[in-house]
1. Under 7 Å between Cβ atoms, which residue pairs at least 6 apart in sequence (or on different chains) link something in segment 3-30 that is more than 25 Å from Ala75 (Cα to Cα) with a partner that is assigned to a loop (DSSP other than H, G, I, E, B)?
2. Say we look at segment 37-76 and pick out the residues that are under 15 Å from the mean Cα position of the chain (by Cα), of a type in the set (A, V, I, L, M) and more than 13 Å from Ile116 (Cβ to Cβ); which of these is modelled with the lowest pLDDT?
3. Does at least one position in segment 105-116 carry a residue that is closer than 30 Å to Val3 by Cα and either surrounded by 11 or more Cβ atoms within 10 Å (Cβ to Cβ) or without any contact (Cβ under 8 Å) to a residue 40 or more places away in the chain (or both)?
4. Taking Gly72 as the residue in question, decide whether it is part of a strand (DSSP E or B), more than 27 Å from Met1 (Cα to Cα) and touching a residue at least 24 places away in the same chain (Cβ under 8 Å).
Amino acid sequence: MHVTEAKPHGAFVLAQLKEIADRGAAEALRGADVTVERAQLPAAGAGEYYWADLIGLPVRNLNGVELGRVAGLIAAPAHDVLRVAAAGQEEEAAREQLIPFVEPILREVDLAGGRITVDWEADY
């Protein structure tokens, strides 16, 4: 589909699609996933990351202990939160930690090196 117009509307974006002629057809798409080819996204700025780039990265604390891998993120009102599945466990049974994705807890995101460093302990 092709977007002919888009504008912010609170926490959402309202979009007019070329292929959708009326409100009924638009209502049928409510809740549908919207995807964009990676090449169409602008480059992330300094200290900005696309969530897709973070998912799967190992998360280590300042002592070098691997806490797990990023299983997803949560958009919370104050700041985003990493969902980190515990290292060495099957995904279905993995213990999950919720780690605030904000300084001073977040110490480094190294996309080139493939890791995230946090000031967080395994037993939190």
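The values are calculated or read from the model by the stated rules, or taken from the named source; none is laboratory data. Everything numeric in this text was worked out from a predicted model, so none of it was measured. All Cβ positions, even for glycine, are placed from backbone atoms using ideal geometry, and neighbour counts span all protein chains on display.
1. Every condition considered, the pairs that remain are Thr4/Lys18; Leu17/Met1; Leu17/His2; Lys18/Met1; Lys18/His2; Glu19/Met1; Glu19/His2; Ala26/Ile20.
2. Taking segment 37-76 first, the residues under 15 Å from the mean Cα position of the chain (by Cα) are 38, 41, 44, 47-59, 69-76.
Imposing the further condition that a residue be of a type in the set (A, V, I, L, M) reduces the set to 41, 44, 52, 54-55, 57, 59, 70-71, 73-76.
Filter once more, so that each one left must be more than 13 Å from Ile116 (Cβ to Cβ): 41, 44, 52, 74-76.
On the way: Leu41: 88, Ala44: 91, Ala52: 93, Ile74: 95, Ala75: 92, Ala76: 92.
Top of the filtered list is Leu41.
3. no
4. no
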